[in-house]
Amino acid sequence: MSKRSRKWMAQRLPIKADFVTHSEDLDQNCAWEHFGGLALDEAKTRFAENALFYQEDFMFMGTNAFLFYFPVLDDYLRSVPDEENDDDWESWIIAQCIRAQFDSDTVNRLKPIATPIVELAEFVRDNIRRFGSDDAERQRVADAWTDLVHHIETLGNA
């Protein structure tokens, strides 16, 4: 995605209120602690250091923060080497994290990234050999991304 246009991207570095929409939410506060104040390149570096640890932050961060940091997920998945991966955990859970961001309250605010998410889903499915060590794992990942696209389309048409 780094070479493609990102006209949809939020331009302002998210503040704590963009991450934490409910002050009592420990998961949102944790996402703020991990990514708050990081420029996009810094967030990409942090995520790549331990994607398995940081991936769920994208499920819980507020919508405005998610809009800003979505390229972290896109670039990470597109950077997975062509050879087989040992497991599918990150690619599967990232689809779940993105899906969790889309609900009837947020779908209109997230419309700018709906097309980039569909494109990412197509990329994952078209390059499924990168996302799992066997056919069952790859099918699990492909199904998660198919379900994500269906979820977004259903909300968008509601």
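The values are calculated or read from the model by the stated rules, or taken from the named source; none is laboratory data. Given the structure is predicted, the values throughout are model-derived calculations rather than measurements. Neighbour counts are summed over all protein chains in view; Cβ atoms, including those assigned to glycine, are modelled from backbone coordinates with ideal geometry. To get the accessible areas, we keep the full protein, side chains included, count just its heavy atoms, and leave off ligands, DNA and RNA. Shrake-Rupley method; radii C 1.70, N 1.55, O 1.52, S 1.80 Å.
Numbers at a glance
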{"read-out": "Identity of the residue in region 26-78, outside any helix (DSSP H, G or I) and not polar (S, T, N, Q), that ends up most open to solvent (accessible area, probe 1.4 Å)", "value": "Glu56"}
{"read-out": "Within region 107-149, tally of residues that are of a type in the set (Ser, Thr, Tyr) and modelled with pLDDT under 95", "value": "1"}
{"read-out": "Residue count for region 24-60, restricted to those that are in contact with a Pro (Cβ under 8 Å, 6 or more places away or on another chain) and farther than 18 Å from Ile98 by Cα", "value": "1"}
{"read-out": "Set Val124, Val72, Val118: member being β-branched (Val, Ile, Thr) and within 21 Å of Gln28 (Cβ to Cβ)", "value": "Val72"}
{"read-out": "Hits in region 124-142 (condition: within 24 Å of Phe66 (Cβ to Cβ), surrounded by fewer than 20 Cβ atoms within 10 Å (Cβ to Cβ) and either in contact with a Phe, Trp or Tyr (Cβ under 9 Å, 6 or more places away or on another chain) or aliphatic (A, V, I, L, M) (or both))", "value": "Arg125, Arg140"}
{"read-out": "Extreme residue, farthest from Glu137 (Cα to Cα), among residues of region 79-100 that are surrounded by 22 or more Cβ atoms within 10 Å (Cβ to Cβ) and at pLDDT 95 or above", "value": "Ile98"}
{"read-out": "Cβ-Cβ under 6 Å pairs, at least 6 apart or on other chains, region 102-126 side within 23 Å of Gly62 (Cβ to Cβ), far side open to solvent by less than 60 Å² (accessible area, probe 1.4 Å) and of a type in the set (Asp, Glu)", "value": "Leu120/Asp74"}
{"read-out": "Residue count for region 126-149, restricted to those that are in a helix (DSSP H, G or I), over 16 Å from the mean Cα position of the chain (by Cα) and within 21 Å of Ile113 (Cβ to Cβ)", "value": "1"}
